[in-house]
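The values are calculated or read from the model by the stated rules, or taken from the named source; none is laboratory data. Here the structure is a predicted model, which is why all the values come from computation and not from measurement. No Cβ is skipped: glycine too gets one built from the backbone with ideal geometry, and neighbour counts run over all protein chains shown.
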Amino acid sequence: MKTQAARATKRPTHRSEGGRARLERDALRFLASYEVQLIDFARELVATPSPNPPGDERDVIALSRERLAALGYKNLKSVAIEAARPNLVGEIVGGSPGRVLMLNGHLDTKPAGDRTEWETDPYDPVLRDGHLYGLGAADMKGGVAAMVYAGAALGQLDVPAGSLKIGLTADEEAGSHFGVRFVAHREEFSSDAVLVGEPTGMKSGWAYVAVASRGLSCFVIRVHGTQMHSGLSDQVDSINASVKLAGVLSRMAGEFRPSRTQDGGAGGHVTVNPGVTLKGGVYFGVYPGEAEFGVDIRTVPGMTLSGLKADLEVFLERLRREDPQLVVTAESVAGLDWMPPCSIEPGHALVATCHWEPCRPLRMDRFGPRRGFPAFRPSDRVPCLPLTGQTRTSQSRTLSLPPASTPSRR
Ligand SMILES: [Zn+2]
């Protein structure tokens, strides 16, 4: 769970504890009655491929739009830069105008890779031992399904003021050009605060509330050599660009550590991924005159693009000094040059609400710490917690409905 806020808010207050408890009980009753539907919706989303790249969210957005309409969401609207990359927004409107909270999730996934490597088919969701398995179940079609039904539960209640929007976006996995970078400027998607339902926790569910999101900065490292007939390589003074590139790639993986000008306060660490793309040579028989690899760097608060470029240049200059034959350059990738890291005050009212409010319905003492950055699961699965105990699989964990009189933990 990641949080962002457009402006500071006070700690939320409720008109009365009794009223709040009633609202909570009614919302949980609604969710319990729709539990099977909710899980089925998550399964349908997983079974609707939306790998990115290449990126095409039409089917998964159409499925979501149909569900939002059926659940009573108003003001449904799809917006897109290109037809194949739609985003969707819907709204639960309160009794009078007020502040707007958006629940946000993306509907694209990483590519499945080699499907034979999966224990179960990535697009054939499996419910086992209380978890839903499939590509995107954790990141983040399961979260999207949960948010869609959470909003629908609110829609059944007497919401006094303000509204809740659900914003479902494209292209999160490949730079967000068609997704949040686009919709952030659209009036339909405007809100006072955004709660992003991304998964957190590598080892357990409900691990923590993430108060920061790392940024992204991508470069192409290119090495130049001597293109010629490969049969002459042992007779002519020449430079094999691919071999030189292999050395740069290996050195970068082991040695390159970007600096940060200040501690951004949210913790977290920088990740450097050299070789996310790799290209070199022309064909057999041709000595390679050019080779390149891509590196993506996950940035944290306290870093800047100019600082990162300077660090990279210092590193490459050291390699050039060590090897006078090395001709190497670094170039930012258009559109992926700099997505800034962002964070929210851990003490912000929205963070506090996310930290404490799930505890009672989930029967937890605390919802993990409030801390830096989300970590993603190595296996794509998401826990399904039945609210009523009347599940269709005996293996699912059960969570009984709390009595309305249970005091909230603060
Ligand atoms: Zn995600």
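Key figures
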read-out	value
Matching entry among 347, 368, 302 (being modelled with pLDDT of 65 or more, exposed (fewer than 13 other Cβ atoms within 10 Å of the Cβ), within 20 Å of residue 211 (Cβ to Cβ) and not polar (S, T, N, Q))	347
Leading residue by the ranking (surrounded by the most Cβ atoms within 10 Å (Cβ to Cβ)) among those in the range 176-193 that are within 13 Å of the ligand (Cβ to nearest atom) and of a type outside the set (A, V, I, L, M)	179
Some residue of the range 107-127 being in a loop (DSSP other than H, G, I, E, B), within 12 Å of the ligand (Cβ to nearest atom), surrounded by 22 or more Cβ atoms within 10 Å (Cβ to Cβ) and in contact (Cβ under 8 Å) with a residue 12 or more places away in the chain	yes
So residue 196, is it within 16 Å of the ligand (Cβ to nearest atom) and closer than 30 Å to residue 69 by Cβ	yes
Pair list, Cβ < 8 Å and 6+ apart or interchain, from the range 197-216 residues that are at pLDDT 85 or above and among the hydroxyl-bearing types (Ser, Thr, Tyr) to residues that are part of a loop (DSSP other than H, G, I, E, B) and within 16 Å of the ligand (Cβ to nearest atom)	213/341; 213/373; 213/374
Residues of the range 68-106 classified as surrounded by fewer than 19 Cβ atoms within 10 Å (Cβ to Cβ) and part of a helix (DSSP H, G or I), total	2
Cβ pairs under 6 Å, 6+ apart, first in the range 132-157 and in contact (Cβ under 8 Å) with a residue 40 or more places away in the chain and in the same structural domain as residue 65 (by TED's automatic domain parsing), second within 13 Å of the ligand (Cβ to nearest atom) and of a type in the set (Ser, Thr, Tyr)	135/109; 136/109
Hits in the range 134-174 (condition: within 13 Å of the ligand (Cβ to nearest atom) and not in a helix (DSSP H, G or I))	135, 136, 168, 169, 170, 171, 172, 173, 174
Residue within the range 61-82 that is within 15 Å of the ligand (Cβ to nearest atom), within 20 Å of residue 198 (Cα to Cα) and not basic (Lys, Arg) present	no
Condition check for residue 51: within 16 Å of the ligand (Cβ to nearest atom) and either in the same structural domain as residue 30 (by TED's automatic domain parsing) or surrounded by 16 or more Cβ atoms within 10 Å (Cβ to Cβ) (or both)	yes
Enumeration of residues in the range 199-218 that are crowded, with 24+ Cβ neighbours inside 10 Å, more than 15 Å from the ligand (Cβ to nearest atom) and within 17 Å of residue 173 (Cβ to Cβ)	217
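Yes or no, residue by residue, for (1) out of contact with any His (no Cβ under 7 Å at 6 or more places or on another chain); (2) assigned to a strand (DSSP E or B); (3) within 29 Å of residue 173 (Cβ to Cβ); (4) of a type outside the set (Val, Ile, Thr):
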residue: 226; (1), (2), (3), (4): yes, no, no, no
residue: 239; (1), (2), (3), (4): yes, no, no, no
residue: 250; (1), (2), (3), (4): yes, no, yes, yes
residue: 259; (1), (2), (3), (4): yes, no, yes, yes
residue: 272; (1), (2), (3), (4): yes, yes, yes, no
residue: 277; (1), (2), (3), (4): yes, yes, yes, no
residue: 292; (1), (2), (3), (4): yes, yes, yes, yes
residue: 303; (1), (2), (3), (4): yes, no, yes, yes
residue: 306; (1), (2), (3), (4): yes, no, yes, yes
